[in-house]
Amino acid sequence: MSALPKKSSRVLTLLGRLAALAAVYAFFAILTPAGKGFTSDANTQLMLQDISVVAMAAIGMTIVIIAGGIDLSAGSAIALAMITTAYVLDLGPEGNKLVTAHPVLLPLGAVAAAIGVSVFIGFLNGALVTWLRIVPFIITLGSMQMARGFAKLVANEQNIYPPAEVQDLWIARLLDPSKNLYTWPFLPVAVWLVIGAALFTALFLRYTRLGRHIFALGSNEKTAVLCGVPVARTKILVYMIGGLFSGLAGVLFFARLGAIGQPTEAIGYELFVIAAAVIGGASLLGGRGTILGTMIGALIITILRNGGVKMGWPQYTQEIVMGAVIVVAVAIDNLRQRGRT
Amino acid sequence: MTDSAAAPLLTVHGVRKAFGATQALKGVDLTLARGEVLALIGENGAGKSTLMKVLSGAHAADDGEMSLEGAPYRPAGPLHARSLGVCMIYQELALAPHLSAMENILLGIEPTRGPFMDWGRAREIARRALDEVGLTALDPATLVEDLSIAERQLVEIARAVAVGCKVLVLDEPTSSLTQRDVQALFALVRRLKARGVAIVYISHALEEIEALCDRFTVMRDGETVGAGVVGQVPVHRIIALMVGREVADLYPRSPRVAGEPILELKTLAGAKFPRAASLTLRRGEVVGIAGLIGSGRTETLRALFGLDPVGGGEIHVRGRLAPPAGPGARWAQGIGLVSEDRKTEGLAQNLSIAENLTLSHLDGLGPWGLVRPSRQNAAAEPWIKAFPIKCQGGEQPVEALSGGNQQKVAIARLLHHDCDVLLLDEPTRGIDVGSKAQIYAWIDKLAVGDPAAGKAPKAVLVVSSYLPELLGICDRIAVMTRGVLGEARPVAGWTEHSLMLAATGQDQAA
């Protein structure tokens, strides 16, 4: 969705990514022992759930990376948003929970609180990067630790189990793990949400002034300054958008876990999210990346993680394969880039 | 040296080199004698760099023959070429900044005693090499990062001297040097020449070539299109060879009428430089600012444009006070700036031409304030045609263009924005003569305006270190000396000599 390469080369790149996705899926579909059910409905359901979380967060990460930044706090922000959601839904004394009285309003409030918290983390990230002029890697490394700490603090270092009636509310059904069918029209609501958000963001990046400014900022900050782009404001907004999507991913994660809050979940998630964007063609040097590519990257990452388990690979094999795929994907991208110029 | 002077040291015959479908060299011939300085000239993209890379072993030729001292010369790589005595000094210096001058000089040729470094001999070799290039006062243990650009360049030449080079290639060696350093470099080149070293000197500056070189060879489109003895061929012929057509007048100057003042600086000061810059710029005028590097010329433009803080003084735009503001506000006031550094500041290299060209002015490119990429391309198209910018279309990334065409994109941004005041900082630095001529023609066109098409004359303020250019295109020139801008006087009253005197502060009479 960057306006960079010629149309034909853009289509070619996309086809290459789709082919890689198909190859990864086919690899596991063929090689996984039949009894493990890699292609079964239940497993497909499971993968759709995992994809939703990674893909939602990856949309925000792509914007941050295009703008020349990085957000290591994404995993912790997901956890904090999930804990915030659970915390709000668990408000009220035992036996007389608020959610019983306000089954519609309270989930909305929970989502608003979760997003508010994660957007605030994004604001801090952006503001500190801009005002202190410290590289985003360091700032978000700090906020990653802090957000994780706050998640544990809010949860009192325990899992939060909101009352059972939450299980039947829409917020838990965004990604109901107990159902072995794709539900709603064809796909879980969360998947539709991701598709909608991806489409909206892709159009936003391509057709709005802010979108064009984000590419310019990531490609060359000095040029952006020279051309009158409000760089400080744009940067802070970019990290806030990143936080927004981490927050949404946190709400989905809450549903994914069966409507509970676990403060120690989603550790290291930022790496999957970054990997999804990078496999999708985003450049950590900034100025380059597409939402569609990132979505394909998120699919590849999720299939790899799921397939590795189904194949009965030990943890270390999964890690080695995952690492190799990331390196190979980026290497191929680099070679293609060099070939063009 | 018993060889007769007639036997060439190095010959290149029919060398060809292709990169994929691009034929970079289509048959190049070159001869080089001992103790000779050969100027290699041509526009960017003519194949000079490729030829030099073939010569220094970085690329292997596809076809053709080379010989060195009568023997076939086929370098397997840069190290091999060095060991045979062919050394290359690139424009971007290739030194390790965290190592000392000595360590850099000896890189790859470290003297050893058994398995150990022989530091005594190392110091001796480094000392001798540094002395030869004129760095007699430099401690060989100084870290390269603590050296000035000029000193680094000399260290790099010392590295070539230390391996006993016979052929030294200098690629645009003066592009980042001050006038004094240039003179020191010229003296060194003459010393090496007297010792029998053959030198290939690549430069865009024809007056440097006249001052230093014996013969010249011109390249165009991967071929050698002409050669001759410097001084025997008039400059306009050389330019015609480079460009492939006659350039009637490098500095066109239509009759211009200075209109109302549009930009006034009143003792403008920056954080450090400038200290006091006063100037009135009118529509229909091209005003130049001359001065030494570091005298505060660039800083004046940057403070005025809001890229650097303003320390004092006033800026008036169209007769109204314009308080210090950021670049965004300046663009809105109809002022545009072309940065002296198009690589790291002027252009976003991996974005498209259209993206770069429209970045400051994305209005009107779609409904409801949206920006449609197709409209961005359409907006860039007329400028690509009019300049013309040599490219495959507005969607091509800027990094794929030659320096001259990149610079045209940077200037076209101001035209797309329809700025009334154009601030141009070193607008033609390091670009080929053809592009220079086109840029000069545009500056003239903008200053004159086109009443028939409803285009009012623009005001242009040019900072340049290239005096012939300033004298050629400006109506008035002011000289900056240690942060203070002198009076802008009509160009007829200036000569290169008087400009230099004023720049060095010896023009007290003024």
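The values are calculated or read from the model by the stated rules, or taken from the named source; none is laboratory data. Computed from a prediction, not measured in an experiment: that's the story for all the values here. Quick reminder, even Gly has a Cβ in these numbers, built from the backbone with ideal geometry, and neighbours come from all protein chains shown.
With respect to B:Val287, determine if the residue is aliphatic (A, V, I, L, M) and assigned to a loop (DSSP other than H, G, I, E, B).
The answer is no for B:Val287.
Figure legend. Inter-residue proximity from the range A:70-91: first residues within 15 Å of A:Ala155 (Cβ to Cβ), second residues modelled with pLDDT under 95 and hydroxyl-bearing (Ser, Thr, Tyr), beta-carbon distance below 6 Å, spacing 6+ or different chains. Indicated pairs: A:Ile78/A:Tyr269. B:Leu301 fulfils the conditions (1) away from chain A (no Cβ under 14 Å); (2) under 24 Å from the mean Cα position of the chain (by Cα) except for a single criterion, (1). The condition (being among the small types (Gly, Ala, Ser) and buried (at least 19 other Cβ atoms within 10 Å of the Cβ)) is satisfied by just one residue among B:Ala160, B:Ala94: B:Ala160.
Scanning the range B:17-69 for residues that are in contact with a His (Cβ under 6 Å, 6 or more places away or on another chain) and not in a strand (DSSP E or B) turns up B:Lys53, B:Gly57. Of B:Thr280, B:Thr300, B:Thr267, all but one fail to be crowded, with 22+ Cβ neighbours inside 10 Å, hydroxyl-bearing (Ser, Thr, Tyr) and either farther than 17 Å from B:Gly483 by Cβ or not assigned by TED's automatic domain parsing to the domain that holds B:Gln179 (or both); the exception is B:Thr300.
Annotation: of all residues in the range A:189-216 being crowded, with 24+ Cβ neighbours inside 10 Å and more than 9 Å from chain B (Cβ to nearest Cβ), the one that is farthest from B:Pro373 (Cα to Cα) is A:Ala190. Any residue at all in the range B:337-347 that is in a loop (DSSP other than H, G, I, E, B), more than 7 Å from chain A (Cβ to nearest Cβ) and surrounded by fewer than 24 Cβ atoms within 10 Å (Cβ to Cβ)? Yes, the range B:337-347 contains at least one residue that is in a loop (DSSP other than H, G, I, E, B), more than 7 Å from chain A (Cβ to nearest Cβ) and surrounded by fewer than 24 Cβ atoms within 10 Å (Cβ to Cβ).
Within the range A:217-226, the residues that satisfy the criterion of being buried (at least 24 other Cβ atoms within 10 Å of the Cβ) and assigned to a helix (DSSP H, G or I) are A:Leu217, A:Gly218, A:Ser219, A:Thr223, A:Ala224, A:Leu226. If the condition is being of a type in the set (D, E, K, R) and over 23 Å from A:Val24 (Cβ atoms), then the range A:44-92 contributes A:Asp71, A:Asp90. If you go through the range B:464-510 and keep only what is of a type in the set (D, E, K, R), in a loop (DSSP other than H, G, I, E, B) and buried (at least 16 other Cβ atoms within 10 Å of the Cβ), you end up with just B:Asp475.
For (1) modelled with pLDDT of 95 or more; (2) assigned to a helix (DSSP H, G or I), each residue gets a yes or a no:
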position: A:Ile214; (1), (2): yes, yes
position: A:Gly228; (1), (2): no, no
position: A:Lys235; (1), (2): yes, yes
position: A:Tyr239; (1), (2): yes, yes
position: A:Gly243; (1), (2): yes, yes
position: A:Ala249; (1), (2): yes, yes
position: A:Phe254; (1), (2): no, yes
position: A:Thr264; (1), (2): no, no
position: A:Phe272; (1), (2): no, yes
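Of the residues making up the range B:72-98, those that are in a loop (DSSP other than H, G, I, E, B) and within 14 Å of B:Leu55 (Cβ to Cβ) are B:Tyr73, B:Arg74, B:Pro75, B:Ala76, B:Gly77, B:Gly85, B:Tyr90.
Listed by first and then second residue, the pairs with beta-carbon distance under 8 Å, at least 6 apart or on different chains, first residue in the range A:219-230 and farther than 15 Å from B:Ala325 by Cβ and facing chain B (nearest Cβ under 7 Å), second part of a helix (DSSP H, G or I) and among the polar types (S, T, N, Q), are A:Asn220/B:Thr344; A:Lys222/B:Thr344; A:Thr223/B:Asn356.
Residues of the range B:42-59 that are hydrophobic (A, V, I, L, M, F, W, C), touching a Lys or Arg at 6+ places or on another chain (Cβ under 8 Å) and at pLDDT below 90: B:Ala46 alone.
Against the test of being within 13 Å of another protein chain (Cβ to nearest Cβ), closer than 24 Å to B:Ala276 by Cβ, over 30 Å from the mean Cα position of the chain (by Cα) and among the small types (Gly, Ala, Ser), the options B:Ala332, B:Ala325 yield a single qualifying residue, B:Ala325.
Under the condition of being assigned to a loop (DSSP other than H, G, I, E, B) and more than 8 Å from chain A (Cβ to nearest Cβ), the residues counted in the range B:348-370 number 4.
Every condition in (1) surrounded by fewer than 24 Cβ atoms within 10 Å (Cβ to Cβ); (2) β-branched (Val, Ile, Thr); (3) in contact with a helix residue (DSSP H, G or I) (Cβ under 7 Å, 6 or more places away or on another chain) is met by B:Ile353 except one, and the failing one is (1). Has the range B:397-416 got any residue that is in a loop (DSSP other than H, G, I, E, B) and either touching a Ser or Thr at 6+ places or on another chain (Cβ under 7 Å) or on the phi > 0 side of the Ramachandran plot (or both)? No, the range B:397-416 contains no residue that is in a loop (DSSP other than H, G, I, E, B) and either touching a Ser or Thr at 6+ places or on another chain (Cβ under 7 Å) or on the phi > 0 side of the Ramachandran plot (or both). Looking at this structure, is B:Ala137 of a type in the set (Gly, Ala, Ser) and surrounded by 19 or more Cβ atoms within 10 Å (Cβ to Cβ)? Considered against the rule, which asks whether it is of a type in the set (Gly, Ala, Ser) and surrounded by 19 or more Cβ atoms within 10 Å (Cβ to Cβ), B:Ala137 comes out as no.
Criterion first (surrounded by fewer than 23 Cβ atoms within 10 Å (Cβ to Cβ) and on the phi > 0 side of the Ramachandran plot) does B:Gly434 satisfy it? Against the criterion (surrounded by fewer than 23 Cβ atoms within 10 Å (Cβ to Cβ) and on the phi > 0 side of the Ramachandran plot), B:Gly434 does not qualify.
Matching residues to (1) of a type in the set (A, V, I, L, M); (2) without any contact (Cβ under 8 Å) to a residue 40 or more places away in the chain; (3) within 11 Å of another protein chain (Cβ to nearest Cβ):
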| position | (1), (2), (3) |
| --- | --- |
| B:Arg372 | no, yes, yes |
| B:Ala378 | yes, yes, no |
| B:Gly403 | no, no, no |
| B:Gln407 | no, no, no |
| B:Arg413 | no, no, yes |
| B:Glu426 | no, no, no |
| B:Pro457 | no, no, no |
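With a requirement of 1 or more residues that are in contact with a Ser or Thr (Cβ under 6 Å, 6 or more places away or on another chain) and surrounded by fewer than 20 Cβ atoms within 10 Å (Cβ to Cβ), the strands (runs of 3 or more DSSP E) lying completely within the range B:177-262 that satisfy it span B:223-229.
Could you tell me whether any residue of the range B:90-98 is under 28 Å from B:Leu32 (Cα atoms), free of Cβ contacts under 8 Å to residues at least 12 places away in the same chain and out of contact with any helix residue (DSSP H, G or I) (no Cβ under 6 Å at 6 or more places or on another chain)?
There is at least one residue in the range B:90-98 that is under 28 Å from B:Leu32 (Cα atoms), free of Cβ contacts under 8 Å to residues at least 12 places away in the same chain and out of contact with any helix residue (DSSP H, G or I) (no Cβ under 6 Å at 6 or more places or on another chain).
Looking at A:Gly258, A:Gly312, A:Gly286, just one residue is out of contact with any Cys (no Cβ under 7 Å at 6 or more places or on another chain), assigned to a loop (DSSP other than H, G, I, E, B) and within 14 Å of chain B (Cβ to nearest Cβ), and that residue is A:Gly286.
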